[in-house]
Amino acid sequence: MSRRTVLSAAAATAAAGSGLWPATARADSSHPSRNRTISPDWAALDRAVRGPVLRPGVAGYPAAVKTFDPRRDQLKPAAVVQVTSEADIAACLKFARKYRLGVRPRSGGHSYVGASTGNGVLVVDTRRLNTISLDATHRKLTVGAGAALGAVHGVLDGHGRTVPTGTCPTVGVAGLALGGGVGAESRLYGLTLDAVTSIRLVTGDGKTRSVSATHQPDLFWALRGGGGGNFGVVTQFGMRTYPAHNAEFFFLTWSAAQAAAVLRGWQERLPSMPRTSWANVHLDAVGGSVRPRIVGVAWGASGRAEAQALIRAVGRPPVSATYRSTSHSGAVALLAGPSGTVRQSWVAGSDVINRPLSAAKANAVAAVVKRRGATGGGGALIFDPLDAAVHDGSTRTSSFPWRSATASMQWYVGLPARASSATVASARAFIARGHAALGSASVGGYLNYLEPKRTLRAYYGESWSSLVKANATYDPAGLFTSAFSLPD
């Protein structure tokens, strides 16, 4: 089961219980054959940090290099440092500057393009910086950059609070929040980055900083939407929290012939959908065709009422409708799915639309998914709303560029751990056909859904120039050398 189609399992549970780098990216100067003048003194780094420095040949190294995608297990970082403090991070960055090593910060390790690992690089693994504390009086959350979403919600739910996040429980807070953070509470409370009130980090110039809307606001602006692997290594977030509500889920499925109608009806419903409701559209390539579904939830409200409103908007009755009521903690578990912690491989891409798709475009993207299903390939196109509370934010206060968008679209194919090159190529061809079908209807991509053959600038919209300037200021040595890092 794929990590982003896990809601298929949620629906079943409910029924049962009722390769090319972007042209604008920098070259990877961390490659062992480039810019290396002297061999790194790893013993000196080991003495300078408290956390373990794991090198090839050390017992803990094979486990330390693993990210969420097993296909990247064969990559060979020069070292993985499991940092325990900001002092450890500062020492790592100083070491990287001296020996001209590329740096890869890591939180949860879920990057779609493996941006937190690589051959010959220094991985700064923040997963030991995972403390979580809630000031119950002021309802403020302080959370380490390496904390996982499941653990964060576990603490918050005990106090009847929440933060809007994605659904996968092993995703790290840092990667999600820095790139945006879209999820089932986004229409009600905004993006994950909208909850962030302060950030601590060690910037590429080696300085430890604490930034907010009133202290170094330029860097605070850049971090909230600029993505991981830029500016520095984040260690901690301060976040506001929100009331957690019980949930009423609904799972609606239509026949293949209604795919475009389902998409159009969902789009038409969004402007009048209350903020307490959230729903996304799945066009699944299954059974030799396309299966259209809407998965939705009402927070502290009636899921059945919202489902009926969507059905009226679609104008065709679904072939199945399933409902489930649960607590907020139950909702978090249902959204995570039974395989939410299982490592998985995938190929994915994204588009962002800033207005509802025309009937012609809706039919075109549905046809792309149908073709994928007809050829026996699995996959999905998932539409997530970017309206309501997401529109409350501004590109003046955070660098997330899609504040007036309608939805993000994720093209997704789950893969076996040992997928052949032909299987991967077929999945990428599906995504390429999707991009082509959209054409100019797409205004860009969602930064947390990076893909290799996309120009990096496409993810940043109007924020691009200011972000590049900020990166040159705070990472003057260009330590963060991933092909998906901002140029300096």
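The values are calculated or read from the model by the stated rules, or taken from the named source; none is laboratory data. It should be emphasised that the depicted structure is a prediction, and the values quoted were computed from it without experimental measurement. Here the Cβ positions follow ideal geometry from the backbone for every residue, glycine too, while neighbour counts run over all protein chains shown. Just the protein is used for accessible areas: all its heavy atoms, side chains included, with ligands, DNA and RNA removed. Shrake-Rupley method; radii C 1.70, N 1.55, O 1.52, S 1.80 Å.
Data overview
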read-out	value
Residue satisfying condition, being surrounded by fewer than 16 Cβ atoms within 10 Å (Cβ to Cβ) and in a loop (DSSP other than H, G, I, E, B), within set G376, G439, G478	G376
Residue count, segment 331-344 (criterion: buried (at least 21 other Cβ atoms within 10 Å of the Cβ), not β-branched (V, I, T) and not in a loop (DSSP other than H, G, I, E, B))	4
Among residues of segment 120-135, those that are open to solvent by less than 40 Å² (accessible area, probe 1.4 Å) and among the β-branched types (V, I, T), counted	4
Single residue of T67, T84 found to be of a type in the set (S, T, Y), assigned to a loop (DSSP other than H, G, I, E, B) and buried (at least 20 other Cβ atoms within 10 Å of the Cβ)	T67
Extreme residue, least open to solvent (accessible area, probe 1.4 Å), among residues of segment 445-467 that are more than 14 Å from W411 (Cβ to Cβ) and outside any helix (DSSP H, G or I)	Y460
Those residues of segment 366-409 which are closer than 26 Å to W464 by Cβ and among the β-branched types (V, I, T), in sequence order	I382, V390, T395, T397, T406
Pairs where the first residue, in segment 392-408, is part of a helix (DSSP H, G or I) and the second is modelled with pLDDT under 95 and open to solvent by less than 20 Å² (accessible area, probe 1.4 Å), C-beta under 7 Å, 6+ apart	none
Verdict on A367 being in contact with a His (Cβ under 7 Å, 6 or more places away or on another chain), more than 30 Å from R209 (Cα to Cα) and not in a loop (DSSP other than H, G, I, E, B)	no
Among the residues listed as R428, R403, R355, the single one being at pLDDT 95 or above, open to solvent by 10 Å² or more (accessible area, probe 1.4 Å) and within 16 Å of G181 (Cβ to Cβ)	R403
Pairs where the first residue, in segment 270-294, is open to solvent by 50 Å² or more (accessible area, probe 1.4 Å) and the second is of a type in the set (S, T, N, Q), C-beta under 7 Å, 6+ apart	R291/T253
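For every residue, the table says whether it meets (1) closer than 30 Å to Q344 by Cα; (2) open to solvent by less than 40 Å² (accessible area, probe 1.4 Å); (3) touching a Pro at 6+ places or on another chain (Cβ under 7 Å).
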residue: T137; (1), (2), (3): no, no, no
residue: A148; (1), (2), (3): yes, yes, yes
residue: A151; (1), (2), (3): yes, no, no
residue: G160; (1), (2), (3): no, yes, yes
residue: V182; (1), (2), (3): yes, yes, no
residue: T203; (1), (2), (3): no, yes, no
residue: S210; (1), (2), (3): no, no, no
residue: G228; (1), (2), (3): yes, no, yes
